[in-house]
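First up is the structure itself, then whatever we jot down about it.
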Amino acid sequence: MNWAEFRKQLLDDEPPIALPELQVVALPDVIFRVVRAAQREDASANEVGRIIDADSSLTCDLLKYVNSSAMMLRHKASTASRATMLLGVKRTKLFVLSLASNRMMRNVKSPLILMKRFAVSSLERALLSKNIAKHLGLDEDLAFSAGLLQDLVLPALTAEFAAAYSELLELSKEKQTDLAILEQQDRGWNHASVAARMMTSWGFPDDLVCCVFLHHQLDRILKDNQFNRTELLPVAMSALLNDLFKQTPNGMQTLDQVWNEVLPAVSLPEQALVIYDQLQEMNPELHGHQSLAEHLATLIS
């Protein structure tokens, strides 16, 4: 898959419309220094780790991620350099980009979003995407990062256009229509295309941009024999998971159906419990969050 060419094609195929100018918090300089260092072919884990060490909060989050059961690493890390060595430079770069972007958007105050619940929901989608990628033999870290970033700009969009999104969410519920479809009809863009363009302007990896761009286009991915063998598939499947907005009204039923088609030998309820344990370990503040396992129980009953 030529991700660079595909990303260019996706963005060039978009109609020439004015995208919204959003008030977002700039990514910290340490993130760009990590990315610049990691993109060099001779980049070492120690070099990248030393840059991360300059930010104590970033170091703490990286260590929590690396030492979690979701990573299933044999050894534990106590420094950013050691964590980078265990993950590898590329995986560390993806995680740092994802974490920083997600944290940045959590600082946006939207009247329509409870940010703590939004963050937990985003993390669960990321873990589900990673889990699916693992069973399909795909890049788990790319799937995790794209799953985490798929709704990157929703807080800023719902803050900027609160009245319009209130109407769109009511319409989505009434007509049982995906939010992304209604966004496209009403605004001429959707949150996936806006996020993809923003990520491109920040120099994010092409594969990550493409996965975010197409995360609400599961039908297109399933029908294409090239797309459905890439990380596009697990990310789009994770987008079916209910969130605060229920962006895909029948998402849980569709997820159950597609899972049985794509992973017939793997039990979704069993994997849901695994994901719940991972989610609880990485984010103990689950108050008010209805987990994937709980959604499935409701669906089955």
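The values are calculated or read from the model by the stated rules, or taken from the named source; none is laboratory data. In this text, all values refer to a predicted model and were calculated from it rather than measured experimentally. Note: ideal-geometry Cβ built from the backbone for every residue, glycine included; neighbour counts use all protein chains shown.
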* Asked: Can you tell me which residues in the range 236-257 are assigned to a helix (DSSP H, G or I) and either in contact (Cβ under 8 Å) with a residue 60 or more places away in the chain or surrounded by 18 or more Cβ atoms within 10 Å (Cβ to Cβ) (or both)?
  -> Ala236, Met237, Ser238, Gly251, Met252, Leu255
* Structure fact -> Checked the range 131-172 for anything outside any helix (DSSP H, G or I), in contact with a helix residue (DSSP H, G or I) (Cβ under 9 Å, 6 or more places away or on another chain) and within 22 Å of Val258 (Cα to Cα); matches are Leu138, Asp139, Gln150, Asp151
* With a cut-off of at least 1 residues that are in contact with a His (Cβ under 7 Å, 6 or more places away or on another chain) and either free of Cβ contacts under 8 Å to residues at least 60 places away in the same chain or surrounded by 17 or more Cβ atoms within 10 Å (Cβ to Cβ) (or both), name the helices (runs of 4 or more DSSP H) lying wholly within the range 47-130. => 80-87
* Is it true that some residue in the range 207-223 is in contact with a helix residue (DSSP H, G or I) (Cβ under 7 Å, 6 or more places away or on another chain), in a helix (DSSP H, G or I), surrounded by fewer than 19 Cβ atoms within 10 Å (Cβ to Cβ) and touching a residue at least 24 places away in the same chain (Cβ under 8 Å)? -> yes
* Structure fact -> Expected output for the range 142-158 (first residue over 20 Å from Leu114 (Cβ atoms) and surrounded by 24 or more Cβ atoms within 10 Å (Cβ to Cβ), partner at pLDDT below 90 and hydrophobic (A, V, I, L, M, F, W, C), Cβ below 8 Å, 6+ apart or cross-chain) is Leu142/Leu94; Phe144/Leu94; Phe144/Phe95; Ser145/Leu94; Ser145/Phe95; Ser145/Leu97
* Asked: Do the conditions hold for Ile181, that is, is it surrounded by fewer than 19 Cβ atoms within 10 Å (Cβ to Cβ) and modelled with pLDDT of 95 or more?
  -> yes
* Asked: Within the range 260-275, is there a residue that is surrounded by 17 or more Cβ atoms within 10 Å (Cβ to Cβ), assigned to a loop (DSSP other than H, G, I, E, B) and out of contact with any His (no Cβ under 6 Å at 6 or more places or on another chain)?
  -> no
